[in-house]
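The values are calculated or read from the model by the stated rules, or taken from the named source; none is laboratory data. Predicted model only: the values in this text are computed from it and were never measured. So basically every Cβ, Gly included, is an ideal-geometry build from the backbone, and we count neighbours across all protein chains shown.
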Amino acid sequence: GPMTTTERPDLAWLDEVTMTQLERNPYEVYERLRAEAPLAFVPVLGSYVASTAEVCREVATSPDFEAVITPAGGRTFGHPAIIGVNGDIHADLRSMVEPALQPAEVDRWIDDLVRPIARRYLERFENDGHAELVAQYCEPVSVRSLGDLLGLQEVDSDKLREWFAKLNRSFTNAAVDENGEFANPEGFAEGDQAKAEIRAVVDPLIDKWIEHPDDSAISHWLHDGMPPGQTRDREYIYPTIYVYLLGAMQEPGHGMASTLVGLFSRPEQLEEVVDDPTLIPRAIAEGLRWTSPIWSATARISTKPVTIAGVDLPAGTPVMLSYGSANHDTGKYEAPSQYDLHRPPLPHLAFGAGNHACAGIYFANHVMRIALEELFEAIPNLERDTREGVEFWGWGFRGPTSLHVTWEV
């Protein structure tokens with residue numbers, strides 16, 4: 001069985017860790033994990049967890065591990081979700097999603113896609129002198145940009161935001177009891193409800209795309225690489241549609257919001273970035289390191305007995321990759337809990353590593369960049385509204401729940 005507190009009595013404190021604690025602030029628990037047990041079995045998660053940069057990278061890139069979806073993730077997305085499959089199925093799904101995400105392809109249309117969307121949302125509030133940027137800007141620009149790329153123009157941004165929030169809470173409903181069973185099985189109901197709504201909207205679109213292909217991404221997923229007259233089965237692509245409707249929809253919004261909170265914590269750095277927009281990509285990279293949007297949502301499973309960080313794991317042992325913790329590793333970063341635009345641009349793990357590293361890195365980075373360019377262009381005198389606090393939430397996926405700002409009109 002897993003490493004127990006009898007083998008490591010010094011880790012008995014892990015028995016007390018709760019899901020609520022991890023969702024509110026995982027950093028304290030993970031700081032201890034990095035120092036005391038970079039690979040550790042965390043009872044509430046029912047899984048081993050990798051917490052340092054070295055161990056996360058080792059597991060993510062090791063030939064002795066392959067992808068596996070977390071139990072709550074699998075319950076939410078079903079099979080074959082691109083993040084949890086291997087071999088030929090993974091190769092096919094990557095070949096399906098990657099063409100639209102290639103840098104040369106993205107460069108052709110990203111400005112024409114994202115800039116008008118960003119402007120449209122800014123026009124609604126730029127003369128108000130105050131806004132809540134998560135709901136009014138970061139999330140809508142993220143979901144509208146991807147929604148239009150996918151072919152979901154008819155789904156309004158608030159509905160796309162509702163779907164990712166429900167899928168998020170379901171996917172990260174990870175707590176297990178002492179028998180390894182889900183502690184809150186009712187927590188999956190809203191994910192099931194979102195999927196039923198998604199299917200009611202997307203099924204007729206798939207019917208249309210099968211007969212009349214167009215240039216939308218999902219139409220391409222159905223047809224690309226298939227023999228004439230054949231399409232990929234919709235049941236085969238739905239789990240990956242859900243991957244997109246959760247992570248790909250939510251995380252650029254999280255990333256831009258976290259970057260803004262970080263910059264607000266360093267007013268002189270915010271001023272530098274507003275004055276010199278070429279610093280925006282650097283600011284975003286540090287934002288993703290500082291508060292990684294995909295904090296601990298992905299996993300690997302050992303394919304043979306293997307020793308990691310001094311722990312002997314049998315074949316078939318899942319390990320959760322807590323990339324958000326790896327990005328706060330003091331072995332790699334000085335004062336990692338501080339946002340600092342000027343830290344040396346070391347590689348970070350916010351987009352993962354190995355053959356399951358994020359396929360959408362380039363697209364996501366440009367959505368965030370264009371959105372922040374337009375925001376700072378429209379409202380260069382942006383300030384955080386200090387009457388309101390900023391709360392971050394999430395262990396699997398993490399970002400600010402709201403961001404109140406103010407400016408002189």
Going through the stretch 299-324 one residue at a time, which ones are surrounded by fewer than 24 Cβ atoms within 10 Å (Cβ to Cβ), under 19 Å from Ile82 (Cα atoms) and either under 12 Å from the mean Cα position of the chain (by Cα) or among the hydroxyl-bearing types (Ser, Thr, Tyr) (or both)?
-> Ser302, Thr303
Identify the residue in the stretch 384-395 that is outside any loop (DSSP other than H, G, I, E, B) and hydrophobic (A, V, I, L, M, F, W, C) and, among all such residues, is surrounded by the most Cβ atoms within 10 Å (Cβ to Cβ).
-> Phe392
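Does at least one position in the stretch 197-210 carry a residue that is of a type in the set (A, V, I, L, M), part of a loop (DSSP other than H, G, I, E, B) and in contact with a Phe, Trp or Tyr (Cβ under 8 Å, 6 or more places away or on another chain)?
Here is the first cut: in the stretch 197-210, the ones of a type in the set (A, V, I, L, M) are 198, 200-202, 205-206, 210.
Filter once more, so that each one left must be part of a loop (DSSP other than H, G, I, E, B): none.
No, the stretch 197-210 contains no residue that is of a type in the set (A, V, I, L, M), part of a loop (DSSP other than H, G, I, E, B) and in contact with a Phe, Trp or Tyr (Cβ under 8 Å, 6 or more places away or on another chain).
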Members of the stretch 136-163 that are among the acidic types (Asp, Glu), surrounded by fewer than 24 Cβ atoms within 10 Å (Cβ to Cβ) and within 26 Å of Glu388 (Cβ to Cβ) | Asp158, Glu162
Kindly check whether there is at least one residue in the stretch 96-117 that is assigned to a helix (DSSP H, G or I), touching a residue at least 12 places away in the same chain (Cβ under 8 Å) and touching a Lys or Arg at 6+ places or on another chain (Cβ under 6 Å).
-> yes
Please state which of the following conditions Gln269 fails to meet, knowing it meets all the rest: (1) surrounded by 21 or more Cβ atoms within 10 Å (Cβ to Cβ); (2) not in a loop (DSSP other than H, G, I, E, B).
-> (1)
Only one of (1) closer than 30 Å to Pro213 by Cα; (2) in a loop (DSSP other than H, G, I, E, B); (3) in contact (Cβ under 8 Å) with a residue 40 or more places away in the chain fails for Gly180. Which number is that?
-> (1)
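Of the residues Pro213, Pro228, which is at pLDDT below 95, over 18 Å from the mean Cα position of the chain (by Cα), at negative phi and not in a helix (DSSP H, G or I)?
That would be Pro228, the only listed residue that is at pLDDT below 95, over 18 Å from the mean Cα position of the chain (by Cα), at negative phi and not in a helix (DSSP H, G or I).
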Tyr333: passes all of (1) among the aromatic types (Phe, Trp, Tyr); (2) under 28 Å from Ala118 (Cα atoms); (3) buried (at least 19 other Cβ atoms within 10 Å of the Cβ) but (2)
Can you spot a residue in the stretch 2-13 that is within 27 Å of Phe164 (Cα to Cα) and either at pLDDT 95 or above or not in a loop (DSSP other than H, G, I, E, B) (or both)?
-> no
Taking only pairs six or more apart or across chains, which ones have beta-carbon atoms under 6 Å, a first residue in the stretch 300-326 that is touching a residue at least 12 places away in the same chain (Cβ under 8 Å) and closer than 30 Å to His254 by Cβ, and a second residue that is β-branched (Val, Ile, Thr) and part of a strand (DSSP E or B)?
-> Arg300/Val319; Ile301/Val68; Pro318/Val68; Pro318/Ile301; Met320/Val49; Leu321/Thr298; Ser322/Val49
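Residues to consider are Leu93, Leu133; find the one that is of a type in the set (A, V, I, L, M), surrounded by 20 or more Cβ atoms within 10 Å (Cβ to Cβ) and closer than 26 Å to Trp395 by Cα. Break it down stepwise before answering.
Working: Leu93 fails: closer than 26 Å to Trp395 by Cα.
Answer to the check: Leu133.
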Would you check which residues across the stretch 344-359 are in contact with a Lys or Arg (Cβ under 8 Å, 6 or more places away or on another chain) and free of Cβ contacts under 8 Å to residues at least 60 places away in the same chain and list them?
-> Leu346
Is one or more of the residues making up the stretch 284-298 part of a helix (DSSP H, G or I), modelled with pLDDT of 95 or more and under 12 Å from the mean Cα position of the chain (by Cα)?
-> yes
In the stretch 131-152, the residues that are in contact with a strand residue (DSSP E or B) (Cβ under 9 Å, 6 or more places away or on another chain), of a type in the set (A, V, I, L, M) and part of a helix (DSSP H, G or I) | Leu133, Val134
Counting only residues in the stretch 205-237 that are of a type outside the set (A, V, I, L, M) and surrounded by 20 or more Cβ atoms within 10 Å (Cβ to Cβ), the one nearest to Glu98 (Cα to Cα) is identified as Trp221
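A quick yes/no check of all residues on (1) surrounded by fewer than 20 Cβ atoms within 10 Å (Cβ to Cβ); (2) not polar (S, T, N, Q):
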residue: Gln21; (1), (2): yes, no
residue: Tyr27; (1), (2): yes, yes
residue: Arg34; (1), (2): no, yes
residue: Glu54; (1), (2): yes, yes
residue: Gly74; (1), (2): yes, yes
residue: Gly87; (1), (2): yes, yes
residue: Pro103; (1), (2): yes, yes
For the stretch 386-394, state whether one or more residues are of a type in the set (Lys, Arg) and closer than 28 Å to Val106 by Cβ.
-> no
